[in-house]
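Working notes, structure below.
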Amino acid sequence: MARARKRKGLPVHGWLAVDKPVEMTSTQIVGRLKRLFNAQKAGHGGTLDPLADGVLPIAFGEATKTAQWAMDCDKEYVFTISWGASTETQDREGAIIRRSDARPDAASIETILANYIGTISQVPPKYSAIKVDGARAYDLARGGEAFELKARDITVYETELVSLPDRDHAIIRVCSGKGFYVRSFARDLAVDLGVDGHVSKLRRTRVGMLDEASTVTLEDIERCAAEAGDLEGLLKPIETVLDGLPSVAINPAEAADLRHGREILLLPHIIEQWRADQAQLAMDGGDDRTTLAMCDETAVAIGEVRVGKFKPQRVFQL
């Protein structure tokens, strides 16, 4: 029997909120941090465009099993729209396809922004990573191929006109659910205002519980590595992005069973507390059965609670 290939690097586990700089891709950030931490495995929890900066969650080791929840977290963006020109990509990287002398005033912008709160239909930008018949949309767009992307329902929780620095620019803040595209939002906003515009600056200020205050810069991480500092001390627990899940407390023997893929029976008082937590999270739009099992403040598994039992689906080997 062939032996499983041993992973290179160290078994590093946890989340790191990086303040991504402009011009670097999310993949480049992951590669650099994986080398700095000498980690066996790393990935990101929701890409940022190269022209965007801000909060980029990086998962190491067992935390990569929770990346889906980071991608599904609510997010907050602060971005600048430059009026007067629409571009192919809806940002400053694309070629200008239309110009206009029209400029919106603050009252018009605030009125239209209010219309976007709630569940809305949004067509993703053609220059995006969405797959169309197996190919990335941005590859098709760059190749000049004709195609259309379907509209998706997305949720917008908050919109705010932060300021109008001058007549050519507007700074806007949006808090949204998963699947939201700032470039599409800016495109649609400009259309509704009867003007042309594109995103000239974009910063993501929050992903779930990870906000700007919790980020570290690449420079700080590189300095810590050069000084042989405690890099792992920068990491947050893998359950950091799982605040939308109810949890159950288990003992070490039950944790051992879950780590071996076996379901466990939950005691009545644990079920009662779970039902209370589950009901509250369901009111807030959370999942109704997916649950996190915790043992002595350590995440053990994500699974489902059914008929008094916890059935593991993703187990953390910590």
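Of the listed requirements (1) of a type outside the set (Lys, Arg); (2) modelled with pLDDT under 95; (3) assigned to a strand (DSSP E or B), residue 163 misses just one: (2).
Just one of (1) surrounded by fewer than 16 Cβ atoms within 10 Å (Cβ to Cβ); (2) at negative phi; (3) not acidic (Asp, Glu) fails for residue 156. It is (1). Given the criteria in a loop (DSSP other than H, G, I, E, B), among the charged types (D, E, K, R) and either assigned by TED's automatic domain parsing to the domain that holds residue 50 or more than 17 Å from residue 51 (Cα to Cα) (or both), does residue 110 qualify? When the stated conditions are applied, residue 110 does not pass them.
Do we find a residue being surrounded by fewer than 18 Cβ atoms within 10 Å (Cβ to Cβ), without any contact (Cβ under 8 Å) to a residue 12 or more places away in the chain and over 18 Å from residue 190 (Cβ atoms) anywhere in the stretch 96-118? So far as the stretch 96-118 goes, no, none of its residues is surrounded by fewer than 18 Cβ atoms within 10 Å (Cβ to Cβ), without any contact (Cβ under 8 Å) to a residue 12 or more places away in the chain and over 18 Å from residue 190 (Cβ atoms). Against the definition (assigned by TED's automatic domain parsing to the domain that holds residue 20 and crowded, with 18+ Cβ neighbours inside 10 Å), how does residue 221 come out, yes or no? Yes. Restricting to the stretch 194-245, count the residues that are part of a loop (DSSP other than H, G, I, E, B) and more than 15 Å from the chain's Cα centre (by Cα). Residues flagged as part of a loop (DSSP other than H, G, I, E, B) and more than 15 Å from the chain's Cα centre (by Cα) within the stretch 194-245 amount to 11. Residue 92: in contact with an Asp or Glu (Cβ under 8 Å, 6 or more places away or on another chain), in contact (Cβ under 8 Å) with a residue 60 or more places away in the chain and not β-branched (Val, Ile, Thr), yes or no? Considered against the rule, which asks whether it is in contact with an Asp or Glu (Cβ under 8 Å, 6 or more places away or on another chain), in contact (Cβ under 8 Å) with a residue 60 or more places away in the chain and not β-branched (Val, Ile, Thr), residue 92 comes out as no. If I filter the stretch 130-173 down to residues being within 18 Å of residue 87 (Cβ to Cβ) and in contact (Cβ under 8 Å) with a residue 40 or more places away in the chain, which single residue comes out as nearest to the chain's Cα centre (by Cα)? Residue satisfying both the conditions and the ranking: 172. Taken residue by residue, the stretch 260-279 has at least one member that is over 27 Å from the mean Cα position of the chain (by Cα) and assigned to a strand (DSSP E or B).
Tell me whether the stretch 217-230 contains one or more residues that are touching a Ser or Thr at 6+ places or on another chain (Cβ under 6 Å) and charged (D, E, K, R). No, every residue in the stretch 217-230 fails to be touching a Ser or Thr at 6+ places or on another chain (Cβ under 6 Å) and charged (D, E, K, R).
Select from the stretch 234-246 the residues that are farther than 30 Å from residue 219 by Cα and surrounded by 21 or more Cβ atoms within 10 Å (Cβ to Cβ) and list them in ascending order.
Within the stretch 234-246, the first condition is being farther than 30 Å from residue 219 by Cα, and the residues that meet it are 244-246.
246 - this is the single residue of the stretch 234-246 that is farther than 30 Å from residue 219 by Cα and surrounded by 21 or more Cβ atoms within 10 Å (Cβ to Cβ).
Restricting the stretch 178-210 to residues that are modelled with pLDDT under 95 and surrounded by fewer than 20 Cβ atoms within 10 Å (Cβ to Cβ) leaves a set whose member that is farthest from residue 83 (Cα to Cα) is 209.
Take the conditions (1) touching a Pro at 6+ places or on another chain (Cβ under 6 Å); (2) polar (S, T, N, Q); (3) over 30 Å from residue 31 (Cβ atoms); residue 90 misses just one of them, which is (3).
Could you say whether any residue in the stretch 89-104 is assigned to a loop (DSSP other than H, G, I, E, B), within 14 Å of residue 192 (Cβ to Cβ), out of contact with any Gly (no Cβ under 7 Å at 6 or more places or on another chain) and assigned by TED's automatic domain parsing to the domain that holds residue 168? For the stretch 89-104, residues assigned to a loop (DSSP other than H, G, I, E, B), within 14 Å of residue 192 (Cβ to Cβ), out of contact with any Gly (no Cβ under 7 Å at 6 or more places or on another chain) and assigned by TED's automatic domain parsing to the domain that holds residue 168: present.
Restricting the first member to the stretch 299-318 and to residues that are on the phi < 0 side of the Ramachandran plot, and the second to residues that are among the small types (Gly, Ala, Ser) and part of a loop (DSSP other than H, G, I, E, B), the beta-carbon pairs closer than 7 Å and six or more apart or on different chains are 312/261; 315/261.
The values are calculated or read from the model by the stated rules, or taken from the named source; none is laboratory data. Keep in mind it's a predicted model, so treat the numbers as computed, not measured. No Cβ is skipped: glycine too gets one built from the backbone with ideal geometry, and neighbour counts run over all protein chains shown.
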